[in-house]
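The values are calculated or read from the model by the stated rules, or taken from the named source; none is laboratory data. Remember, it's a predicted structure, so these values are computed and weren't measured experimentally. Cβ placement follows ideal geometry from the backbone for every residue including glycine, while neighbour counts extend to all protein chains displayed. Side chains are part of the model used for accessible areas, which takes the heavy atoms of the whole protein and leaves out ligands, DNA and RNA. Shrake-Rupley method; radii C 1.70, N 1.55, O 1.52, S 1.80 Å.
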Amino acid sequence: MRRRRIVSAALVGGLVVVAGGRVMASPRGTVGMAVDYQTGDYGSGQTTDAWAVTLTASFRPTDRWVLDVSVPYLYQSASTTTTTAGGMRFDVSSDGRTSSSTMGPGHREPGAGNVATVTDSQSGLGDVVVGVGYTLIEEGDDLPQLSVSSAVKIPTADEEKNLGTGEWDLEVGLALAKIVGDWDVFASGRYVFQGESEAFGLKDFAVLEAGLGRFVGEAAEVWASTAWASAPSEFSDPSAEVRLGIDFGLPSGLGLGGYLSKGLTDGAPDYGAGVSASVAF
């Protein structure tokens with residue numbers, strides 16, 4: 001049976017990766033959970049270990065429309081970083097911030113910014129994200145699937161713990177996907193409009209991603225992707241990383257997945273890993 005891509009933006013932990021998400025049919029609804037781990041210093045000089053446990057749910061009222069929501073619970077060993085729209089995590093330490101606007105990339109300006117460094121571990125509810133997607137063009141023999149999406153980040157995370165920025169964000173995105181024999185080619189782009197915050201130095205940013213997958217048998221897909229994002233803050237660096245993963249989509253509706261990631265710039269986590277499970281109905 002021909003597999004069909006289910007496009008959903010999982011806005012938790014690192015750059016969004018659209019790879020995987022294959023099932024044997026197009027379900028009307030999906031519920032799932034993902035566990036993500038990241039470690040890195042994000043250019044701050046202090047390593048932070050971060051975990052995110054995210055509950056997700058999506059519903060397809062029609063074949064072209066999809067509605068989804070994600071609710072994360074976050075833990076980070078030292079809150080020199082924060083999570084914001086698009087799953088971006090960036091340096092907010094007040095004792096050493098990257099300021100490309102005043103000193104150029106890679107230079108640290110002591111005392112810049114207004115966000116206090118929280119050196120002890122913190123945990124709590126992250127930012128809830130509600131999204132909607134629409135398939136403009138359904139995949140055919142000669143055409144790729146073309147989808148557009150939009151999402152709103154609700155500022156439910158505690159900004160005093162540096163778990164979030166406390167601002168509402170809006171993002172819009174475009175995704176392409178095409179199956180060519182046993183190969184899966186995909187790419188996406190998103191633009192995030194952030195709320196205003198002088199303390200965090202927030203600014204709008206873009207995320208681009210592309211990857212290639214290979215089907216193994218009837219239920220598995222091995223994939224690799226690379227992603228880049230412009231700096232989400234005046235005090236942070238652009239982010240780039242690569243990911244390698246595998247997804248399983250079973251006829252019963254059960255989906256399983258996992259990935260490993262490696263950061264390529266100071267703005268990205270040094271390493272990451274994640275697992276996910278979902279049930280379609």
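Restricting attention to region 129-145, report how many residues are surrounded by 18 or more Cβ atoms within 10 Å (Cβ to Cβ), in a strand (DSSP E or B) and either at pLDDT below 55 or of a type outside the set (Ser, Thr, Tyr) (or both). Looking only at that region, the number is 4. Residue under question is Trp183, and the condition is that it be under 19 Å from the mean Cα position of the chain (by Cα) and open to solvent by 20 Å² or more (accessible area, probe 1.4 Å); does it hold? No: the conditions fail for Trp183. When only residues in region 187-214 that are of a type in the set (Gly, Ala, Ser) and modelled with pLDDT under 95 count, which is surrounded by the most Cβ atoms within 10 Å (Cβ to Cβ)? Among them, the one singled out is Gly201.
Each residue in region 204-218 was checked for being touching a strand residue (DSSP E or B) at 6+ places or on another chain (Cβ under 7 Å) and more than 14 Å from Gly181 (Cβ to Cβ), and 8 of them qualify. Residues that are more than 20 Å from Leu55 (Cβ to Cβ) and in contact (Cβ under 8 Å) with a residue 60 or more places away in the chain were ranked within region 264-281; the one that is most open to solvent (accessible area, probe 1.4 Å) is Tyr271.
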